Structures are given as C-alpha cells and as structure tokens.
Amino acid sequence: MPQPSKTLACFFGLLAALGAQSQTKPAAKSETPDDASVIRVDTRLVVLHCAVTDRGGKQITNLTADQFKVLENGVQQPIKLFRREDIPVSLGIVIDNSGSMRDKRQRVEAAAIQLVKASNPQDEVFVVNFNEDAYLDVPFTNDIQKLEEGVARIDSHGGTAFRDAVSMSIDHLKQEGKKDKKVLLVITDGNDTASTVMTLEKLVEKAHKSDVLIYNIGIFGKDDKRDEKKARRAMDALSRASGGLSYYPGSIEEVEAIARQVAHDIRNQYVIAYSPLNQQLDGSFRQIKVSTTGSRYSVRHRTGYYASPEAPVRRQQVSLNN
C-alpha cells in the first residue's frame, strides 16, 4: 500500500456540542420541569479530530480519554468531550484539470468515486475542477450518478491554480456545508503556476482558521524535481496545519487505493474537545500537541488554532448534580 508523507495532523469532526475555541457564558434557563437539574451554557470548544497509529502505520481505535494528553502552548488542558464515531461529513473533491492531467483523468475520476463509495452514506459531496481558474462543477449532493457525470465531463487544459482552488473550496465548505466535520481531497500533478488570490503562507493561515481537514494526492512525473519540491512543500504545509495527510504515489495506478485509504482515515478517528484554560480571545495563534500515554503511538491532528471572537459557539448541557 502507498505510504503517506510524514505530515502529522488530524481529522475527524463531530456534530454534538462542538465549535472551535474556548470561553463559557450562561445561556437560557431550562424549558421544562423535567430539565430542572440541567442548565445550558454556550461554550467555545477547541475540537480536534485525531488519528492514532502504531509504528507500522496501523490505526488504533480502542483508546480511552484517560490515555490522551492535550497541551495548548505547552499547558495541559482538561478534556471536555471524547468520542470515536463515524459521522457524516461535508466533503469537497478538488481535481486538477490542467493540460498535463489529460492522460491521468480517467484514473483520477475513478479514485474520486471510490472515495465517495467508501465513505459514510450520509456524506454530502461537491466537486471543484481547476486549471487557471477554479469551477464548482457539482454542488453538494450524495447522488453518485451526479458525481460520476460531473467528474467525467471535464476537458483538461491550461495551467494550475492550486492555491486559488483550495481557497475557494474552503470558502464553499464553510458557507454551504451542512455537516460539522468538513474535509477536502485535492488531486493534482504539478506545482502552482497560476494562482492570484493569496500566498501559501496566507492559505495555511486560512486552513488553521477554517477547521477544514485537507488531504492531498500529488501525482508527479520524473521531469522536473524542482517543481515537484515546491508542490510538495505546499501540500505538506496544508495537510500538516489542518490535520490531514499528503500522499505521493509512485504511479497513477495507486490513486484508487489511496482514495480508499483516505475514506478509512476519515471514518476511524477520535474527536477530542477542550475549553482552553487561556480564555483570552486575542487573535493569537495557539499551538496544540496531543499525545498518548506511553508514547507508543503517533497522534495526527491539526497543529493549532487562532483564538478569535468569531469562533462558533455551541450549546452544552451541564447537570446541576455534578
């Protein structure tokens, strides 16, 4: 099986009472007498989607909350929510449609459909194709036939606007995605030659702020190692920041198997949420490190977040008897 690049970051989101950062404030009173022992509070939570693997790369899915430790800027944080659950996601499939992809499109299209078929049946999926420009070719749907038709009607030509396509897809996920967990899979074969929207550094910052997991598949030839190095740098930076992975198959034939790996990764992760001890919403970047007891396993998760007042607020029930 192809191996992912060593970009540790993590992935799985959860519908329940989750947001992105931290601060608690009282909300409305209980609405019925049966709820007399419960109050409701609006809580800002940092939500982490964590994949745990052993030294051989096998995913570990049977750990408990007390086996994890979460540090924010080096300070241990109390875990407020812990689950491992396969939940529906809002998924964007972003496919390079430049001229150099013409001979690879059939395999790439098959891989995109494999990803959808191996994912949660309740997922919603959209497709963006890009060359010098990025286009939303298939809006959110869970209809396999519509997705197959959408990825098959493309005519490959032009250059590669990788950053523009990722930026647009993040925006679409945040604006239109109905699921709490949001994921991008980007498939490309070359270095960015046409983006105009933002630098790589700004795009990485946007990924940190978005809580969107980014997976990349880079299908490179042997002609220009310098361009490949630049492309890998961009993909690794985005997957590492967001909690996803970047894959670099040795041949186009491996892409379908990688797509199935991505689907498996999405469906077998832990959700860990905490309300930070530092409750200042000052816009600063907070670095996160998650580990397991005994250090036998590697934990992949997003590397941090921005403590912003714009973070979503979720409602959480708290028992008065606790």
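Residue-by-condition table, conditions (1) buried (at least 19 other Cβ atoms within 10 Å of the Cβ); (2) modelled with pLDDT of 90 or more; (3) among the charged types (D, E, K, R):
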| residue | (1), (2), (3) |
| --- | --- |
| Ala161 | yes, yes, no |
| Ala165 | yes, yes, no |
| Leu184 | yes, yes, no |
| Asn191 | yes, no, no |
| Thr196 | no, yes, no |
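Looking at Ala110, Ala134, just one residue is over 21 Å from the mean Cα position of the chain (by Cα) and within 21 Å of Ile219 (Cβ to Cβ), and that residue is Ala110. Filtering Ile79, Ile87, Ile154 for residues that are at pLDDT below 90 and more than 19 Å from the chain's Cα centre (by Cα) leaves a single hit, Ile154. Taking region 44-73 as the range and being on the phi > 0 side of the Ramachandran plot and touching a residue at least 60 places away in the same chain (Cβ under 8 Å) as the test, only Asn73 passes. Selection of region 138-149 for residues being buried (at least 19 other Cβ atoms within 10 Å of the Cβ) and farther than 15 Å from Gln114 by Cβ yields Val138, Phe140. Kindly evaluate Asp180 against the criterion of being surrounded by fewer than 23 Cβ atoms within 10 Å (Cβ to Cβ) and either modelled with pLDDT under 95 or farther than 25 Å from Glu85 by Cα (or both). It is true that Asp180 is surrounded by fewer than 23 Cβ atoms within 10 Å (Cβ to Cβ) and either modelled with pLDDT under 95 or farther than 25 Å from Glu85 by Cα (or both). For region 118-143, a residue qualifies if it is of a type in the set (Phe, Trp, Tyr) and touching a residue at least 40 places away in the same chain (Cβ under 8 Å), and the qualifying residues are Phe126, Phe140. Counted as qualifying within region 87-189 are the helices (runs of 4 or more DSSP H) with 3 or more residues that are within 21 Å of Ala234 (Cα to Cα), namely 162-176.
The values are calculated or read from the model by the stated rules, or taken from the named source; none is laboratory data. This is a predicted model, so every value here is computed, not measured. Positions of Cβ are generated from backbone atoms using ideal geometry, with glycine treated the same way; all protein chains shown enter the neighbour counts.
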